[in-house]
């Protein structure tokens with residue numbers, strides 16, 4: 001027995017729904033516990049319950065205050081040093097992942113501090129390590145003590161900095177070594193750095209060259225040949241996480257002044273729990289009104305579209321949990337707007353269906369025509385929204401566009417919302433209608 | 001129905017809203033929230049019972065709670081001097097229990113002017129890309145231009161009304177407002193394209209009809225879906241405006257204003273603009 005296309009689609013939809021339910025639902029449902037599967041996809045661990053990440057405004061988070069050591073700076077430079085510190089820390093956090101971070105400068109007389117509020121951070125130690133370390137990269141020639149006898153090994157006494165440092169970098173990224181596939185960091189120099197690196201490697205063939213991170217040697221390879229193309233690999237005994245963090249730090253640049261963590265404390269939600277509760281309730285009532293409206297207006301079709309709207313909500317939660325998306329109020333706005341657009345696809349199709357019925361077509365024909373013709377406007381309208389979303393999300397991190405977490409968070413939820421709503425509004429609704437809907441013809445005699 | 005006959009009326013309604021808005025934007029600007037301006041952060045040691053009194057005494061400075069525990073209270077507020085705070089705490093201290101100012105700091109803005117500028121850049125680039133995209137999708141420049149003009153119309157209505165609200169009701173513009181503007185931008189274009197799509201479809205199907213009548217027919221055929229769709233969103237927003245928490249109230253209002261103007265503009269700005277363009281440049 002072979003299945004028809006709608007039936008195949010239905011099976012696919014059921015599979016997606018079950019998977020989303022598995023991710024979205026809490027493990028413990030009172031009497032019933034959902035068994036957890038012991039499967040991992042990359043960083044997605046299905047054996048544990050996945051929490052939804054909530055923003056500072058909804059759940060609160062960790063506040064870290066960094067104190068700066070400005071003693072080496074002139075008074076007039078202190079203000080700008082603080083601002084550039086804020087920029088670098090902001091860049092590091094942005095590169096660390098999309099999350100809605102709030103960074104502000106605190107200043108009182110001769111104290112220059114930075115307050116960083118991180119939402120839903122579970123590993124605050126890692127976060128602090130990421131934002132608080134200076135990450136200055138320096139290439140240097142090791143200096144060895146004179147060997148007195150042939151049996152004694154030369155010991156390392158210090159380093160003589162070479163004319164090449166982190167500021168000559170163009171880009172750093174995680175790579176895996178070819179021989180043992182251990183994580184390492186590949187670096188690419190800018191034009192200036194490429195020239196310097198070529199010079200250093202040309203003059204130093206056969207000699208060791210050390211790479212120092214914050215003053216400590218992490219690797220000390222021997223130069224085997226001149227490297228004219230400006231590429232190098234920093235290998236050390238990195239774990240994958242360490243390699244990633246290092247790449248992030250190198251990309252974001254070194255901190256302009258030394259800092260230390262002054263305090264670290266948990267902060268309450270800026271909007272307050274009560275406000276969030278109220279908003280959720282209001283959103284729920286709003287949704288209920290939408291569903292009622294759809295059913296009153298479109299009858300059975302409205303009911304089916306409410307089912308796909310519910311599935312839309314479910315899939316979105318599942319995606320938010322897996323990506324993960326930090327949920328905050330701007331994000332919820334993006335979500336609500338896309339709910340509106342998800343319903344819109346259905347309204348477009350149903351209005352079209354009514355028209356085709358009025359034109360005297362068989363309901364089956366009218367249904368297929370409605371989906372086909374409404375698609376044109378749905379396609380262009382949603383493409384326009386995705387364009388706006390992409391410009392706001394700024395995936396290539398262009399400097400003349402926003403890189404702030406809040407705006408990006410909004411854009412991400414908007415894009416996800418549109419894509420999911422296209423799936424539920426078109427494919428899910430269509431399949432459900434084809435299988436479960438029986439229409440009436442206006443007049444069979446014509 | 002002959003919708004396009006009343007073109008001047010639609011443009012008049014739009015200008016009645018937009019002109020005061022632009023005037024207010026130029027003369028008053030926005031009342032920016034502490035996220036943009038920076039301000040003061042102060043930590044107090046005080047008995048629990050005094051917290052409400054302190055918030056009340058500082059109410060003109062728009063205080064927000066940063067953190068609190070039994071005897072500790074950290075607030076951020078618009079720019080206030082140390083002396084001003086000392087005066088307030090001394091006054092409070094005499095009523096019931098001592099309020100002590102533990103620390104005082106000037107905080108910089110979370111979102112610099114840079115955020116606003118970059119968001120502005122994003123708006124500009126979006127407008128350009130949409131102009132090109134819509135012009136290509138509908139194969140005529142007038143569609144792209146009119147859709148983008150309608151989008152700017154909605155943005156101006158929203159910006160202007162919040163500038164007026166800031167001046168006369170003290171409503172602040174914060175990050176949530178910025179996202180509301182971005183949301184409305186997408187909504188406006190989305191809604192306009194649906195109307196345009198119908199015009200495109202009709203122009204293939206119906207021949208020998210003046211462009212104006214074509215637009216009229218398209219508007220008549222799409223207005224039900226346009227209203228139905230906006231109603232679903234408006235239901236949601238009214239619920240959030242009336243029942244949502246205090247902090248999201250004006251956010252919901254911004255979205256509400258935007259949805260209404262976005263719906264209005266698709267039919268009463270974007271479509272008439274096409275007709276105007278046609279009359280001016282494509283005389284048959």
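With respect to chain B, whose longest principal axis is taken over its alpha-carbon atoms, helix B:175-205 is tilted by about 10°.
Per residue of peptide B:126-135, the mean number of Cβ atoms on other chains within 10 Å of the residue Cβ is 3.
When peptides B:183-196, A:411-424, A:299-312 are ranked by their average number of other Cβ atoms within 10 Å per residue, the highest-first order is B:183-196, A:411-424, A:299-312. With R₀ fixed at 35 Å, the C-beta to C-beta distance from residue B:5 to residue B:139 puts the FRET efficiency at about 0.80. Averaged over peptide B:166-179, the number of partner chain Cβ atoms lying within 10 Å of each residue's Cβ comes to 3.
Were the residues from residue B:129 through residue B:101 laid out at 0.36 nm apart, the gain over their Cα-Cα distance would be 4.8 nm. Taking label positions 7 Å along the Cα-Cβ direction at both residue B:117 and residue A:12, the computed distance is 4.8 nm, reported to one decimal. Counting only other chain Cβ atoms within 10 Å of each residue's Cβ, the peptide B:188-198 averages 6. Cα extents for chain B along the principal axes, largest to smallest and rounded to whole angstrom: 85, 34, 28. Shown for A:115, A:155: other C-beta atoms within 10 Å of each C-beta, ranked fewest to most, produce the order A:155, A:115.
With all pairs of different C-alpha atoms in the average, the Kirkwood value for the hydrodynamic radius of segment B:158-228 is 14.7 Å. Counting neighbouring Cβ atoms within 10 Å and putting the fewest first, the residues B:243, A:294 line up as B:243, A:294. Using the rule -39500 (n - 2.57) for each DSSP H run of four or more residues, divided by the residues of chain B, the 222 nm mean residue ellipticity is -23500 deg cm²/dmol. How many nm separate the modelled label positions at residue B:81 and residue A:83, each set 7 Å beyond the Cα in the direction of the Cβ? It is 2.5 nm.
Counting neighbouring beta carbons within 10 Å and listing from fewest to most, the residues B:141, B:168 come out as B:168, B:141. Applying 1/(1 + (r/R0)^6) with R0 = 35 Å to the Cβ-Cβ distance of residue B:71 and residue A:51 gives a FRET efficiency near 0.65.
None of the figures in this text is laboratory data; all of them are computed from the coordinates on show. Given the structure is predicted, the values throughout are model-derived calculations rather than measurements. No Cβ is skipped: glycine too gets one built from the backbone with ideal geometry, and neighbour counts run over all protein chains shown.
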